Amino acid sequence: MAEHDVALNLVWVLLAAFLVMFMQLGFALVETGSTRAKNAVNTMAMNMFIYPLGVMGFWLAGYGLLAGGHPGWPSLGPQATAAREIGIQAGGHLYGLFGWGRFALLSAPHDPANLAMFLFSAVFMDTAATVPTGAMAERWRFASFAVYGLFMSMLLYPLYANWVWGGGWLAALGVNWGLGHGHVDFAGSSVVHMTGGLTALAGAIVLGPRAGKFRRDGTVGAIPGHNLPMTVVGTLVLAFGWFGFNAGSTLAGADPRIATIAVNTMLASCAGAFTAVIAVWTTLHKPDVAMACNGLLGGLVAITGSCAFVSPAAAVLIGVVAGLLVVRAVRWIELRFRVDDPVGAVAVHGVCGCWGALALGLFADGTYGAGWNGVAGPVRGLLFGDPRQFVAQLVGAASNLLFVFPVAFGFFKLTDRLIGNRVSSEVEQSGLDPSEMGSEAYPPG
Amino acid sequence: MAEHDVALNLVWVLLAAFLVMFMQLGFALVETGSTRAKNAVNTMAMNMFIYPLGVMGFWLAGYGLLAGGHPGWPSLGPQATAAREIGIQAGGHLYGLFGWGRFALLSAPHDPANLAMFLFSAVFMDTAATVPTGAMAERWRFASFAVYGLFMSMLLYPLYANWVWGGGWLAALGVNWGLGHGHVDFAGSSVVHMTGGLTALAGAIVLGPRAGKFRRDGTVGAIPGHNLPMTVVGTLVLAFGWFGFNAGSTLAGADPRIATIAVNTMLASCAGAFTAVIAVWTTLHKPDVAMACNGLLGGLVAITGSCAFVSPAAAVLIGVVAGLLVVRAVRWIELRFRVDDPVGAVAVHGVCGCWGALALGLFADGTYGAGWNGVAGPVRGLLFGDPRQFVAQLVGAASNLLFVFPVAFGFFKLTDRLIGNRVSSEVEQSGLDPSEMGSEAYPPG
Amino acid sequence: MAEHDVALNLVWVLLAAFLVMFMQLGFALVETGSTRAKNAVNTMAMNMFIYPLGVMGFWLAGYGLLAGGHPGWPSLGPQATAAREIGIQAGGHLYGLFGWGRFALLSAPHDPANLAMFLFSAVFMDTAATVPTGAMAERWRFASFAVYGLFMSMLLYPLYANWVWGGGWLAALGVNWGLGHGHVDFAGSSVVHMTGGLTALAGAIVLGPRAGKFRRDGTVGAIPGHNLPMTVVGTLVLAFGWFGFNAGSTLAGADPRIATIAVNTMLASCAGAFTAVIAVWTTLHKPDVAMACNGLLGGLVAITGSCAFVSPAAAVLIGVVAGLLVVRAVRWIELRFRVDDPVGAVAVHGVCGCWGALALGLFADGTYGAGWNGVAGPVRGLLFGDPRQFVAQLVGAASNLLFVFPVAFGFFKLTDRLIGNRVSSEVEQSGLDPSEMGSEAYPPG
């Protein structure tokens, strides 16, 4: 590959990483707008502080576990497939379970490709890590949150990510067991969003619902957020940054597939929002804007895994399904499972992330991904002739469910015993801002 | 052209499209900040929902009408002129009136240049479509707005855009009638902003003013927006995204003219804001920040059409005139024409858009645009030796006025009869948020 | 150098300039959130209006003084060092004190590299110019602010910037006096941030504290800002835009060092935020989010000068020190020096800017900067074998202190006499928005 392509690819990966970092702002706005004014500083602070906390932990340990055994990334080849093709030959270090090396970036401290991959990986970790702050908002002790931030960035996220993106056992499902190209997740439907969503679910269950959410008489209280325009603004910020999230995941600006990815990202998000609004408008008779936001985000989460592999028409279909799913899932999680998730994070990231992982196994149309994870030929889904690819997607999603959820659940149970996860009911009643944070969001003039 | 230039151009067009999509956030903030708290969810929701609504409509029909007959775009040549030079040879399908093809992106679903052009065209359509939500805010039924969104994205915007950018009859004014290079609009002073602004004017007239705006005794009520900082923030977001809007319109990162465009965009916007503030400060004795915002946006709108063709000094002059125009126009529209435009959208987009279309016909300095629209030699304005180019600009602006305005007017009259455009006076009085949207912007803790 | 590298470099410089312009939004949010609602329009307006005001002044005069004598920039060579190597040969015009030429961009009005450098330089000037609006908020007459805006953009900023970046005497410390590579400031720890921070200090001293800040009994009043979430959001916007600020300063996307720069920028900012929170949490027992923001910004300011020259581990260390410094400095400035700086601008930009300038002289590891400022061999700090480089850094920082501070102080004394800097105590009491700006930030529905 020519030198100028390497330069363009480096520029592309960096710019995309900047956009993904900017998504942190979107999460902060969505979550803070969706919670009460008395907890606004706390919600904002968790979203702001997960970034330095996570990056420090990822720099020290996480990146090494994710990518330590991965020689492919530093090439920044003409397209992602090249990097991934090489990657599989290295595999995770210990039976494909984790990498080892690159800790604190002490080796090759100025290698451009290694540093670019660190940057790109760090903001993806950050995205996964910030999801639970929404589902667990308005009742989580800040000290417990801080411990969680290090656990997520140093251990939980890197492990599953290593399995899929670091040459681990899920990436090797193809070469080892003949399941298509192994578990393929282009930009993180399972790696980032299911991981974040299922961790959020575990945390919300362990924490329990906010006071007043589920009443003794069986009714469910509505606890509206304090600033709905803020939530909408945050959603648009996420829609903007997501272009970097998905299109940057080629790791190559010289890969013309970036156009397909960007268009699919836009179409799925718009189809998701459109469908969700129609769904609530026709049933509840109001064009609920919070649900439009959830639909848009659900569409984005769902297309993330397959955006490079499917046609625009399939992207619209994936978004439509995500829009319907998210409307249902928000209600199910609240009414059937009686889990209190103030921002709908589990529905958006967990449920739609799972759908996104499976959707690739259905709609990958065989026009991309030759050599991916060391398997010859392009990636094809069930509808395009390769049912084994769908099985690989199922295995990937199932292993996320069976690994991330219980580990997160156990972690939250443990921290609950050791330091306590939940603020006192007095603090919850008066708001976390004065006592936990020592600040007020909107002091009077 | 070398392959690496194509790669750089694709990256450039995508990144610019992302920036333009981000402008949706700017519009949402400017318009919501400029309206009352009781309508904040409604205003925010229109700005958020026009994006999925418009993109779905544009994907199904609009893009096909705009670009269906256009073989030039997919080349992503070394500069825009190349694409446009080829484009003119194809022309719109039916007598240069509209294209036909590419519907739902079903043909060539993975062609990078086609997809990049779809993305870029979609966000431009979205910009035009979101302008009327400001002028028609605080009284527009959401159902009527939704119908409008489909009409604008599927039909009205694509038609005029085809005439100028899709090889239609306005582009062909040069080759067919000897009028310079035909109607030249680099990034959309007429195509996007006049279209949006005149549609906004038609809608605001048909809707009528908000209750309390024009009183029986002839006085005009001030209805201040609920969050002026939000308006300023939105303006800065627009100024940021506009760099993508204008500089991306080369369709080529390898075209060094992007530097001229970016600088002209900055200078005209700053000159517009500077002039508008001086104008209000010296007459009304306060440095009105809302007018500074309008001046900045007016300068941006005005330079959009000619940014690649004029010198930095001319860009400053174009911005100065826009700054003066916008201050006057805001007052005229309100006081003389007695049209209620809560955010000044008609003045900013309609009036300054018209000025921008004409300004190219005055100041194009003959250093760019060789071969544009199939005419040899660079583009020159009246002051640089080609009065016929000014006539082409006049014809383009006049045809926007004579086509877009009446068609939009008729459309709004029709929807008013069929479904009703305006909320009841009870709903208007209590705010659109509870009854139309089913949500409150800022629920008490 | 090949032509496609020039194209990539031009794209890189423009995109980075867009990101830096977007930082204006971050400053607006941080400062407005940190001040009271009755001054929100005024604070927002200063941050919005400094952009057009500064750009007009910089276009007319500032750029010519900064870069008029600089033939190197327009080459946009493969990396910054090439440009700077040539640059030094030209030097400032008069004994290396200022440039002369390029006024109003009248010469070479379409030269891409000249225009790109104007754009990039203008947004850097804008960053420096907007810093004092924070420290001087809530009591500064708008007319006096406007005069300041022209002074800063046309004269004060360009002079010091010429000495370091325009081939002036500080850049020539190496070739003329054997002090390493002369004063090296990669992206503006001294040129932008010390200049902004020391001007802010001078202004805050001349203006005096806000009413109620320092009481007669010696106690210090807390004057909390009206919207803490807004401050956090602004901080994240700045963290995003800063990637353009630092990585764009290679002036070359084809320089693979951009990866080192981006990672160092992230790591230092995160280390700064992390350290600042730990520092306040352990001493004041609350994870103060405003201090987390200051720590993040302090880390960004501190790494700005050396980001291309140091290893990631050194970047973390630089950030840690910045985080500790900013917590201390905020208190010292308030309690010991009794200067009222509502947003902590002096601590963040002045103190951490100074630290950033010196840090390069300690940690530059000899892997970058060969030929910088006309001196052979890479740049090395004290710890990597070149104590003279540290002296050059000291001289640069000292000359900023000894030139910028007194000149700014004198300027504010002069304007105080000529037009008055400070609003009346009645206006301050009732807020600047009604009387100075003629607007209210949050009018009741």
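Conditions tested, residue by residue: (1) closer than 22 Å to C:ALA128 by Cβ; (2) in contact with a Pro (Cβ under 8 Å, 6 or more places away or on another chain); (3) modelled with pLDDT of 95 or more.
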position	(1), (2), (3)
C:LEU267	no, yes, yes
C:ILE278	no, no, yes
C:PRO287	no, no, yes
C:GLY305	yes, no, yes
C:VAL316	no, no, yes
C:ARG336	no, no, no
C:PRO342	yes, no, yes
C:ALA347	yes, no, yes
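Conditions (1) over 18 Å from the mean Cα position of the chain (by Cα); (2) within 14 Å of chain A (Cβ to nearest Cβ); (3) outside any helix (DSSP H, G or I), marked per residue:
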{"residue": "B:LYS413", "(1), (2), (3)": "yes, no, no"}
{"residue": "B:GLY420", "(1), (2), (3)": "yes, no, yes"}
{"residue": "B:GLU428", "(1), (2), (3)": "yes, no, no"}
{"residue": "B:SER439", "(1), (2), (3)": "yes, yes, yes"}
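In the set (1) within 21 Å of A:MET46 (Cα to Cα); (2) in contact with a His (Cβ under 9 Å, 6 or more places away or on another chain), the condition left unmet by A:PRO378 is number (1).
Looking for something over 24 Å from C:ASN294 (Cβ atoms), crowded, with 24+ Cβ neighbours inside 10 Å and either in contact (Cβ under 8 Å) with a residue 40 or more places away in the chain or of a type in the set (Val, Ile, Thr) (or both) - is there at least one such residue anywhere in region C:136-145?
First, pick out the residues of region C:136-145 that are over 24 Å from C:ASN294 (Cβ atoms): C:141-144.
Those still in the list that are crowded, with 24+ Cβ neighbours inside 10 Å too: none.
Looking for residues that are over 24 Å from C:ASN294 (Cβ atoms), crowded, with 24+ Cβ neighbours inside 10 Å and either in contact (Cβ under 8 Å) with a residue 40 or more places away in the chain or of a type in the set (Val, Ile, Thr) (or both), one finds none in region C:136-145, hence no.
If you go through region B:347-368 and keep only what is assigned to a loop (DSSP other than H, G, I, E, B) and within 12 Å of chain C (Cβ to nearest Cβ), you end up with B:GLY366, B:THR367, B:TYR368. Every condition in (1) in contact with a Pro (Cβ under 6 Å, 6 or more places away or on another chain); (2) without any contact (Cβ under 8 Å) to a residue 40 or more places away in the chain is met by C:LEU325 except one, and the failing one is (1). Number of residues in region C:257-300 that are assigned to a loop (DSSP other than H, G, I, E, B) and either more than 7 Å from chain A (Cβ to nearest Cβ) or of a type in the set (A, V, I, L, M, F, W, C) (or both): the value is 1. For the subset of region B:210-230 comprising residues that are facing another protein chain (nearest Cβ under 9 Å) and either of a type in the set (Ser, Thr, Tyr) or in a helix (DSSP H, G or I) (or both), which member is surrounded by the fewest Cβ atoms within 10 Å (Cβ to Cβ)? Checking each candidate, the answer is B:MET230. When the criteria are applied in full, A:VAL404 meets the requirement of being under 18 Å from the mean Cα position of the chain (by Cα) and not in a loop (DSSP other than H, G, I, E, B).
Looking only at residues of region B:146-164 that are under 13 Å from B:GLY99 (Cβ atoms) and out of contact with any Gly (no Cβ under 8 Å at 6 or more places or on another chain), we find that the one that is surrounded by the fewest Cβ atoms within 10 Å (Cβ to Cβ) is B:LEU159. I'd like to check something: does region C:203-226 contain any residue that is under 25 Å from A:LEU14 (Cβ atoms) and either of a type in the set (A, V, I, L, M, F, W, C) or touching a Leu at 6+ places or on another chain (Cβ under 9 Å) (or both)? There is no residue in region C:203-226 that is under 25 Å from A:LEU14 (Cβ atoms) and either of a type in the set (A, V, I, L, M, F, W, C) or touching a Leu at 6+ places or on another chain (Cβ under 9 Å) (or both). The requirement of being modelled with pLDDT of 95 or more, over 18 Å from the mean Cα position of the chain (by Cα) and either basic (Lys, Arg) or surrounded by fewer than 24 Cβ atoms within 10 Å (Cβ to Cβ) (or both) is fulfilled somewhere in region B:197-205, by at least one residue. If only residues of region B:406-445 that are among the aliphatic types (A, V, I, L, M) and free of Cβ contacts under 8 Å to residues at least 12 places away in the same chain are counted, the one that is surrounded by the most Cβ atoms within 10 Å (Cβ to Cβ) is B:VAL427. Return the total of residues in region C:13-52 being touching an Asp or Glu at 6+ places or on another chain (Cβ under 8 Å), more than 7 Å from chain B (Cβ to nearest Cβ) and of a type in the set (Ser, Thr, Tyr). Number of matching residues: 2.
With respect to the stated conditions, C:ALA254 fails to be within 14 Å of chain A (Cβ to nearest Cβ) and without any contact (Cβ under 8 Å) to a residue 12 or more places away in the chain.
Look at (1) surrounded by 24 or more Cβ atoms within 10 Å (Cβ to Cβ); (2) touching a residue at least 12 places away in the same chain (Cβ under 8 Å) and you find that A:LEU115 fails only one, number (2). Within region A:209-223, count every residue that is of a type outside the set (Ser, Thr, Tyr) and without any contact (Cβ under 8 Å) to a residue 24 or more places away in the chain. Residues flagged as of a type outside the set (Ser, Thr, Tyr) and without any contact (Cβ under 8 Å) to a residue 24 or more places away in the chain within region A:209-223 amount to 7.
Being among the basic types (Lys, Arg) and in a helix (DSSP H, G or I) is the filter; apply it to region C:311-342 and report the residue that is farthest from C:TRP140 (Cα to Cα).
It comes out as C:ARG328.
C:VAL55 passes every criterion in (1) aliphatic (A, V, I, L, M); (2) more than 7 Å from every other protein chain (Cβ to nearest Cβ); (3) crowded, with 24+ Cβ neighbours inside 10 Å apart from (2).
Condition first: more than 12 Å from B:GLY68 (Cβ to Cβ), at pLDDT 90 or above and at the interface with chain A (Cβ under 8 Å from one of its Cβ atoms). Now tell me which residues in region B:112-121 satisfy that. Listed by number, the residues that qualify are B:PRO112, B:LEU115, B:ALA116, B:LEU119.
Screening C:PHE390, C:PHE403 for residues that are away from chain B (no Cβ under 14 Å), of a type in the set (A, V, I, L, M, F, W, C) and surrounded by fewer than 19 Cβ atoms within 10 Å (Cβ to Cβ) leaves exactly one candidate, C:PHE403. The set of residues in region B:294-316 that are of a type in the set (Val, Ile, Thr) and under 19 Å from the mean Cα position of the chain (by Cα) comprises B:VAL301, B:ILE303, B:THR304.
The values are calculated or read from the model by the stated rules, or taken from the named source; none is laboratory data. Worth saying up front: this structure is predicted, and the values here are computed from it rather than measured. Heads up, the Cβs are rebuilt from the backbone with ideal geometry, glycines too, and the neighbour counts pull from every protein chain shown.
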